[in-house]
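Written out below as structure tokens is the structure these notes cover.
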Amino acid sequence: MYSQEAKVLEENFVSLEIPAVSDKIINFASGLPDPRTIPVKDIEAIAIEVLEKYGYNSLQYAPSTGFVQLINEISKFVYRTRGLKTNSDNIIVVSGSQQGLDLISRVFLDPGDVVVVEEPSYILALNVFKLRRVRFVAIPVDDKGMKVEMLEDIIREYSREGMRIKLVYTMPIAQNPTGTTMCDERRKHLLELVERYNFVIVEDDTYGLLTFEEETPKPIASIDKSGNVIYLSSFSKILAPGLRIGHIIASDDEVTKKMHIMKQFMDLGTSTLSQLIVEVALKKGIVDKVVEYAKRLYRLKRDIIIELIDEEFSDVVSRTSPKGGFYTWLKLNRNVDTEKILELSRKKGVVFTPGKRFCINENKCLDAMRLSYSNPSEDDIRIGIRILADILCGVL
Ligand SMILES: *Cc1c(COP(=O)(O)O)cnc(C)c1O
């Protein structure tokens with residue numbers, strides 16, 4: 001009775017562990033922003049201002065690819081903050097980058113197409129690609145990002161069999177789930193490959209502004225000459241996820257046209273009120289304010305969690321050193337399925353996300369886990385890590 005798509009999604013479904021307001025759980029599982037970073041009062045004032053100024057138009061249908069005012073603000077914002085020069089015609093506002101991923105997949109992918117992903121990679125992106133029934137190639141991530149060296153060999157191997165790579169999905173800055181940033185050499189190499197072999201790169205820059213280093217590399221889209229890099233980002237982690245505003249930037253007019261058509265089909269357009277709120281928040285510098293505050297807060301939380309992990313269970317795990325973003329990725333030194341550990345920790349009020357869900361080769365990640373330090377308070381991070389340490393020491 002149900003469609004193939006519904007079955008694929010159900011098989012790969014993961015609970016986002018979004019807690020009910022009354023829940024007392026310490027949540028290392030989801031990528032929820034720290035509540036203190038969401039500027040409720042500012043957004044309240046902006047919402048009233050928008051409703052008064054635009055009246056019914058703020059609740060009317062909007063152009064399906066996004067309001068021009070918002071697009072112009074986004075264009076200025078990405079240039080100012082990320083050095084990405086764009087033409088407003090090539091920006092599409094989407095209902096969160098999740099919709100952006102789905103939209104891009106629908107425009108480019110057919111069943112059987114070869115898609116390269118990082119291993120581990122972002123679960124919800126993997127699910128979008130699974131839904132298109134693609135063939136996956138997974139390239140490991142180390143502390144310098146995706147091992148781009150391997151990509152060239154893979155491309156050659158496929159071409160010997162008369163096949164080609166269609167799309168590469170990458171998060172070069174503060175990757176989800178490892179927190180690693182791709183080094184310059186690999187970024188350059190990736191761009192050389194895209195120029196030579198003509199595939200599509202989807203660059204997910206969601207954490208591009210939430211980094212802890214002195215300098216953050218610019219997006220690869222900003223130095224690309226091939227026109228094949230599609231840039232994707234979102235206001236979910238730097239303003240408010242509930243507004244559901246993300247953006248896609250392509251440099252090719254033909255690509256944008258195809259995406260415009262698909263966007264209209266998907267939902268007729270992103271929430272009008274949300275778009276106007278984000279436009280004003282950008283204009284008033286609210287987003288800049290959140291970014292400044294959030295960067296400091298997440299850096300502090302990263303320091304706390306890393307120090308505790310090293311103190312409490314350095315003998316049983318290895319971990320990544322996040323350069324930004326919300327997450328650290330742990331690997332246990334022994335072969336234990338972290339799903340089992342989750343069962344135990346849930347009973348003690350602590351949740352995290354088991355590693356295998358981030359991996360195409362699930363077996364390679366059974367002993368891994370992603371800890372998100374973005375949402376729990378500093379105190380809860382301390383309490384939660386101690387609880388996890390007790391469980392790990394008991395099991396290992
Ligand atoms: C959180 C996150 C997103 C954001 O998704 P939205 O749909 O914009 O809320 C996108 N990509 C990655 C890697 C993320 O972690």
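The values are calculated or read from the model by the stated rules, or taken from the named source; none is laboratory data. None of the values given here were measured: they were computed from a predicted structure. As a convention, Cβ positions derive from the backbone with ideal geometry for all residues, glycine included, and neighbour counts pool all protein chains shown. Keep in mind that these areas ignore ligands, DNA and RNA; they rest on the heavy atoms of the full protein, side chains included. Shrake-Rupley method; radii C 1.70, N 1.55, O 1.52, S 1.80 Å.
Just one of (1) open to solvent by 30 Å² or more (accessible area, probe 1.4 Å); (2) closer than 23 Å to Cys183 by Cα; (3) within 16 Å of the ligand (Cβ to nearest atom); (4) among the small types (Gly, Ala, Ser) fails for Gly242. It is (2). Of the residues contained in the range 51-60, none is found to be in contact with a strand residue (DSSP E or B) (Cβ under 9 Å, 6 or more places away or on another chain) and either within 18 Å of His247 (Cβ to Cβ) or surrounded by fewer than 21 Cβ atoms within 10 Å (Cβ to Cβ) (or both). If you go through the range 92-106 and keep only what is open to solvent by less than 10 Å² (accessible area, probe 1.4 Å), closer than 21 Å to Ala240 by Cα and not β-branched (Val, Ile, Thr), you end up with Gly96, Gly100, Leu101. For the range 117-130, filtering for residues that are more than 11 Å from the ligand (Cβ to nearest atom) and without any contact (Cβ under 8 Å) to a residue 60 or more places away in the chain leaves 1.
Determine, yes or no, whether Pro177 is within 17 Å of Val117 (Cα to Cα), assigned to a loop (DSSP other than H, G, I, E, B) and modelled with pLDDT of 95 or more. Here the answer is yes, as Pro177 does meet what is asked.
All conditions but one from (1) touching a Gly at 6+ places or on another chain (Cβ under 8 Å); (2) at negative phi apply to Glu279; the one that does not is (1).
Each row is one residue, and each column tells you yes or no for (1) within 15 Å of the ligand (Cβ to nearest atom); (2) touching a helix residue (DSSP H, G or I) at 6+ places or on another chain (Cβ under 7 Å); (3) in a helix (DSSP H, G or I).
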site	(1), (2), (3)
Pro217	no, yes, no
Met262	no, yes, yes
Gly269	no, no, no
Leu273	no, yes, yes
Glu279	no, yes, yes
